[in-house]
1. Could you pull out the GluC sites (Glu not before Pro) across the range 1-62 that fall in loop regions by DSSP (anything but H, G, I, E, B) with no more than 10 other Cβ atoms inside 10 Å?
2. Keeping all protein chains in place, calculate the accessible area per residue for the chain (probe 1.4 angstrom), answer in Å².
3. On each of the three principal axes of the Cα atoms of the chain, give max minus min coordinate, whole Å, ordered largest first.
4. For the chain, with all protein chains present and a 1.4 Å probe, just round the carbon and sulfur fraction of the accessible area to a whole percent.
5. Which longest run of the chain has no exposed loop site in it, a site being chymotrypsin sites (Phe, Trp or Tyr not before Pro) in a DSSP loop with at most 14 other beta carbons within 10 Å, and the site itself not part of the run?
6. What is the helix-to-structure angle for 61-74, meaning the angle in degrees between its Cα long axis and the longest Cα principal axis of the chain, kept from 0 to 90 and rounded to the nearest 10?
Amino acid sequence: GSIRVFSKFISKSTNEITQDILYTMDINCSDNLFRDVAVGTNEFNEFKNNDLEWKDPNGDRLILGVIDQVCIYSN
């Protein structure tokens, strides 16, 4: 059991260089792990990730927040 989610990262800083980033991410709620499946700036899955190993969020508050929200919602 994992859950696949599509998300958009929008930076707090707003300048001409900043772009929204689109992520396709698998989340394993029982082990609190994630893996980025693909990323894009123009459309989802624009660039596929070849490294599909499960990763620990390693204290990253943004990723931990996403995992928490997705897992709470799915239950």
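The values are calculated or read from the model by the stated rules, or taken from the named source; none is laboratory data. Because the structure is a prediction, the values reported are computed rather than measured. When we count neighbours, we look across all protein chains shown, and the Cβ atoms used for this are built from the backbone with ideal geometry, even at glycine. Just so you know, the surface numbers come from the protein's heavy atoms only, side chains and all, with ligands and any DNA or RNA stripped out. Shrake-Rupley method; radii C 1.70, N 1.55, O 1.52, S 1.80 Å.
1. Numbers: sites: Glu16, Glu43, Glu46, Glu53; in loops: Glu16, Glu43, Glu46, Glu53.
Passing sites in the range 1-62 are Glu16, Glu43, Glu53.
2. Values: 5680 Å² over 75 residues.
Heavy-atom accessible area per residue stands at 76 Å².
3. Dimensions of the chain along the principal axes of its Cα atoms: 40, 26, 22 Å.
4. On the way: 2810 of 5680 Å².
Its accessible area is 49 percent carbon and sulfur atoms.
5. Values: sites that count: Phe44, Trp54.
The longest uninterrupted stretch comes out as 1-43.
6. That works out to roughly 60 degrees.
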